[in-house]
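J.: Take this structure first; my questions come after.
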Amino acid sequence: MVLSRKAGKLILFLLIGVIITYLLLPLLSVFITKSPAMIMEKLQSPVIYQALSLSLKTTSIALIFIVGLGTPLAYWLAKSEFKGKKGLEVALKMPIVAPTAVVGVGLLLIFGQRGMLGGTLSVLGVTVPFTSIAVVMAQVFMASPFYVTTARQAFEAVDDQLIAVSQTLGVNAWKTYWRVTTPLALPGLLTGVALSWALALGEFGATMMFAGNLPGKTQTLPLAIYTAMESDADVAVSIAALLLTVSFSLLLFVSFIEKFLGKIMGTAR
């Protein structure tokens, strides 16, 4: 019996080790197969820093739209019951499973010069495709469902009784949202922010189709990797290392904030 338990644990740890290795080794290979000196040398290109700057700028703008528009939607889905809610939730998750190239084509069909809104935008002197605006729109489209889903779960975890008690004490719904609901849901909201930011930073397919791959204009870090693979694989690996470092740093930063907030909330209790 004891031997059987030990064998079971061994198999379990072996399976865990296999999946962890499979998930992490391809990412770590970017750093362990090339020397740091080579990576730094290959990164000495204005085009790469233009791509980095554009990626950080567009994802920051996209994040403002994602949080600003996605938070009310997530709260509404978490705290309201209405006919067709399940269908709406499924529809809002479609960008997660939709091929990114399809998303890019769809955005072109709506906002392209011959698209549904393209003619109106042209009359107003607004051009969307193959501009940095298109980059932001593609990032918002692909990353916002992850934020809305995570934020909805965070709001659902807030006990409705706490909200009711606050309102019975004379605090209106708006103040209750900011004083009770948001602080309690904040760790989950920050997780959503981190996930959506990292996903926007790595967005490729929809951006390529809708915004193009124009250096200094619409070329983000993932697109720079794609371009570099055609001429110098070492440059592509170096850019990949840069992108992974930026993404990991963002996730680590948000993780520290969540831990800090958790300690404050624990002390407050």
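J.: Which distance in Å, rounded to a whole number, links the C-alpha centroids of the range 221-236 and the range 62-111?
T.: With the range 221-236 and the range 62-111 each reduced to a Cα centre, they are spaced 31 Å.
J.: Set the Förster distance to 41 Å, then compute FRET efficiency between Leu169 and Phe253 from the Cβ-Cβ distance, nearest 0.05.
T.: The calculated FRET efficiency here is 0.70.
J.: So, counting K/R as plus one and D/E as minus one, what does the shell of residues with Cβ under 11 Å around Leu189 add up to?
T.: Taking every other residue near Leu189 into account, the sum is 0.
J.: Mind sorting out which of (1) 34, 26, 16; (2) 35, 31, 19; (3) 51, 20, 14 is the real semi-axes √(5λ) of the Cα gyration tensor in Å computed from the coordinates?
T.: (2)
J.: While we're here: Determine, for each peptide in 163-172, 240-249, 44-53, 10-19, the mean count of other beta carbons within 10 angstrom over its residues, then list the peptides with the highest first.
T.: For the peptides 163-172, 240-249, 44-53, 10-19, the packing ranking is 240-249, 44-53, 163-172, 10-19.
J.: Here's another thing I want to ask about it. Pick out the long, greasy-scoring helices in the chain: whole DSSP H runs spanning 18 Å or more along their own axis by Cα, mean Kyte-Doolittle at least 0.0.
T.: 2-32, 46-79, 132-156, 182-201, 233-268
Quick note: the coordinates plus some simple rules give every number you see, no bench work behind them. This structure is a prediction, so every number in the text was calculated from the model and none was measured. Note: ideal-geometry Cβ built from the backbone for every residue, glycine included; neighbour counts use all protein chains shown.
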